[in-house]
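The values are calculated or read from the model by the stated rules, or taken from the named source; none is laboratory data. All values derive from a computational prediction rather than experimental measurement. Cβ coordinates were reconstructed from backbone atoms using ideal geometry, including for glycine residues, and neighbour counts include every protein chain displayed.
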Amino acid sequence: MKVEVKTPYGETMSAANATEAVGSALRIAPAFVATTVDESTAVETTIEAQYRPQRGRYVITAITNRAIADDFNEDRLKHTAAQAIIQTAIPHCVTLQLDDSPDTAWTTVADLTSSEGRIIPTWMAEAVVKRGMKDERWQVIEILYGTAALADLPPVKLIAGELDIPERTASDWIQKARAAGWLSGLTSNVGRPASA
């Protein structure tokens, strides 16, 4: 799915638009507008979302579906795959620095995403699962957890898939990263029991 991500002011989303600090190493865009066109159904969908600190994630504030041809699919016009659009847009709105140097540029998670659809490059995933890589590991956990939480996805599944580790290990690393102060301001309710 190809999604065009812009600021609420119509600028193409870039690392410079990520101005709000989240967690210990991430900055995000406070809001975004994501648009996608489904040529097969002749429907364009635009979603507006804002980051809500009290929820620790982006919240959809508007969805607009528009027919772009005379022979559009009416059923598709009525129903939107909002979650898929949000999941594709979020990596364009989350930034990080790959180096601790003060003059290091901020990079969007989308810029790190490899052609295989991964959020982090394979070399980075392989490096952080090695012993003795605690700070680097927690930084990657924060990137992946933050991306999942902001998009309202299950962080444990995302981390397990990205790092090719068991979900039990992913859950343990999330707890350890949080205890080390890496996930402050980031929360996810996805996958928790209703009573939690």
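When the residues of the range 130-173 are filtered to those that are touching a strand residue (DSSP E or B) at 6+ places or on another chain (Cβ under 7 Å) and part of a helix (DSSP H, G or I), which remaining residue is nearest to R52 (Cα to Cα)? Here the residue is L150.
Before we move on, is L186 modelled with pLDDT under 90 and either crowded, with 22+ Cβ neighbours inside 10 Å or of a type in the set (A, V, I, L, M, F, W, C) (or both)?
So L186 fits the description; yes.
On the stretch given as the range 75-114, residues that are at pLDDT 80 or above and not aliphatic (A, V, I, L, M) total 13. If you filter the range 71-80 down to residues that are in contact (Cβ under 8 Å) with a residue 12 or more places away in the chain and part of a loop (DSSP other than H, G, I, E, B), you find that the one that is nearest to T107 (Cα to Cα) is T80.
So which of I63, I86, I90, I47 is over 20 Å from Q139 (Cβ atoms) and either outside any strand (DSSP E or B) or not assigned by TED's automatic domain parsing to the domain that holds S14 (or both)? Testing whether each residue is over 20 Å from Q139 (Cβ atoms) and either outside any strand (DSSP E or B) or not assigned by TED's automatic domain parsing to the domain that holds S14 (or both) leaves just I86. Note on the range 1-49: among residues that are charged (D, E, K, R) and exposed (fewer than 14 other Cβ atoms within 10 Å of the Cβ), the one that is farthest from F72 (Cα to Cα) is E11.
Based on what the data block shows, is E167 touching a Lys or Arg at 6+ places or on another chain (Cβ under 8 Å), charged (D, E, K, R), more than 24 Å from H92 (Cβ to Cβ) and not assigned by TED's automatic domain parsing to the domain that holds V22? Here the answer is yes, as E167 does meet what is asked. Do we find that D164 is exposed (fewer than 15 other Cβ atoms within 10 Å of the Cβ) and out of contact with any Gly (no Cβ under 7 Å at 6 or more places or on another chain) in this structure? Judged against the criteria, D164 is a match.
Restricted to the range 5-32, and to residues there that are β-branched (V, I, T) and either under 14 Å from the mean Cα position of the chain (by Cα) or in a strand (DSSP E or B) (or both), the residue that is modelled with the lowest pLDDT is V22.
Just checking, which of R52, R57 is closer than 28 Å to T107 by Cα, among the basic types (K, R) and buried (at least 18 other Cβ atoms within 10 Å of the Cβ)? Talk me through it step by step, then tell me what you get.
Working: R52 fails: buried (at least 18 other Cβ atoms within 10 Å of the Cβ).
The match here is R57.
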